[in-house]
Structures are given as C-alpha cells and as structure tokens.
Amino acid sequence: MNRSTEILLVDDNDADVGLVREALEEATASGRLHVVGDGEKAMAFLRRQGIYTRAVRPDLILLDLNLPRKHGREVLAEIKADNDLRRIPVVILTSSHNEQEVVKAYEMHANCYIVKPFRFDQFIDTVKAIEGFWFRLATLPQPDSAQTTTQPSERDP
C-alpha cells in the first residue's frame, strides 16, 4: 500500500491498548492506530459524527466485545448492516473464549475472531500477526473504491 494504513481499535482496557500500540510500532512504521473506548464512540468515529467529523476511514477494525455503552456485538451488527462500512474487515480481539460468542460473531460476519493471549510476548506476536496478514498478505479494497456492486461487463458470460 502506498499510504499509511489506518487501524481503528475499539477497546476500553488501557493495558490492552498499550500492548496493541507497542506491537504495531514494532511491526510497521506506516500504520496509524486510532483508539476509541466504547461502542458508541466507535460508531461516531466510523460515521464521522460529533468530534470525529475529520476521522479517517479505517482499513481494519480491531473490536473488543465487552465494551461500555454499546456492546461489541451491537457495533459489529451496525457495521455489517451499513453499506458504506461493511467492507471494512472486523477482527474480534477479545478475552472471551465462549464458543457461543465465537459462533455468533461469525454469524454476524466478523472477519476473524481472536482470543487475547494472557502472556505479554504472545499478545505482541498476535497483534503483529494480525497486522502482517491484513496489510501484507490480504488484498483489501481501497477506501475510495466504488461503494456499489459493479455490473458484469460485456465480456463476462
């Protein structure tokens, strides 16, 4: 990618935010991390409302499930229901090992579900792996890509 990658971290745990920030600083010099601490702020950021009118469109969202004011599942549902936001990959990064939470997240079209490791070095490695996969291996749509599905060309069968 030619430009800085934009990551929105939605997490209310200051220690986890610090670990994500540290891991991303080690992993890349081109990524910018934006942090909000609750689900309502996440949606305001994504919709560029209130104090977030100048917010950038993130290339990736790291979403904790256990959030104040609006649960992570609600945020995921709103993102995936919004035609303008649904193409942004959402990685659930949470402490919940609950199988029902995992199943529900994927049913709601989460792109990935990762349980936060407890050990510092494993947490750092996990965030680096997320960054490496989404920004070095995966091909993501550009933020200014057409928001509508393209029609088949005349050459398509």
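Each value in this text was obtained by applying a stated rule to the coordinates, not by laboratory testing. Given the structure is predicted, the values throughout are model-derived calculations rather than measurements. For neighbour counting, all protein chains shown are included, and Cβ atoms are generated from backbone atoms with ideal geometry for every residue, glycine included.
The 3J(HN,Hα) values that the Karplus relation (6.51, -1.76, 1.60; θ = phi - 60°) gives for segment 4-19 are, in residue order, 5, 7, 10, 10, 9, 9, 10, 7, 9, 9, 4, 5, 5, 4, x, 5 Hz. Gly and Pro appear as x.
If the chain between GLU107 and LYS128 were fully stretched, how many nm would it gain, using 0.36 nm times the residue separation less the Cα-Cα distance? Don't skip to the end; give the middle numbers.
Values: separation 21, 0.36 × 21 = 7.56 nm, distance 2.59 nm.
So the chain would gain 5.0 nm between GLU107 and LYS128.
Taking every DSSP beta bridge that has both ends in the chain, the antiparallel portion is near 0%. Hand me the tally of lysine pairs in the chain: alpha carbons under 23 angstrom apart, and the pair either on different chains or 8 or more positions apart. Going through the chain pair by pair, I get 11. Positive end of the dipole of segment 5-134 (Cβ unit charges, origin at the Cα centre): among SER96, ALA129, ALA110, the Cα lying farthest that way belongs to ALA110. As a rough footprinting exposure proxy, the listed residues VAL56, VAL36 were ranked by other beta carbons within 10 Å of their own, and the order from fewest upward is VAL56, VAL36.
Picking from HIS71, ILE51, LEU19, whose Cα lies most toward the positive end of the charge dipole for the chain (charges on Cβ: Lys, Arg +1; Asp, Glu -1)? It is ILE51, whose Cα lies furthest towards the positive end.
The base-10 log of I(q)/I(0) for the chain, evaluated at q = 0.17 Å⁻¹, reads -1.01 [Debye formula, identical scatterers on Cα atoms, solvent excluded].
For PHE120, PHE45, what's the fewest-to-most ordering of other Cβ within 10 Å of each Cβ?
Result, fewest neighbours first: PHE120, PHE45.
Placing a label point 7 Å from the Cα of SER4 along the Cα-to-Cβ line, the residues of segment 55-72 whose backbone N sits under 16 Å from it are 55-60. Take every DSSP beta bridge whose two residues both sit in segment 1-67; close to 0 percent of them are antiparallel. What is the helix-to-structure angle for 120-132, meaning the angle in degrees between its Cα long axis and the longest Cα principal axis of the chain, kept from 0 to 90 and rounded to the nearest 10? Value to nearest ten degrees: 10. Positive contributions from Lys and Arg (+1) and negative ones from Asp and Glu (-1), summed over other residues with Cβ under 12 Å from the Cβ of LEU76, come out at -1. For segment 5-80, the spread of Cα coordinates along the three principal axes comes to 31, 25, 22 Å, biggest extent given first. For segment 60-74, backbone phi angles converted through the Karplus equation (6.51, -1.76, 1.60; θ = phi - 60°) give residue-by-residue couplings of 8, 10, 9, 10, 7, 8, 8, 10, x, 6, 7, 5, x, 4, 5 Hz, Gly and Pro being listed as x.
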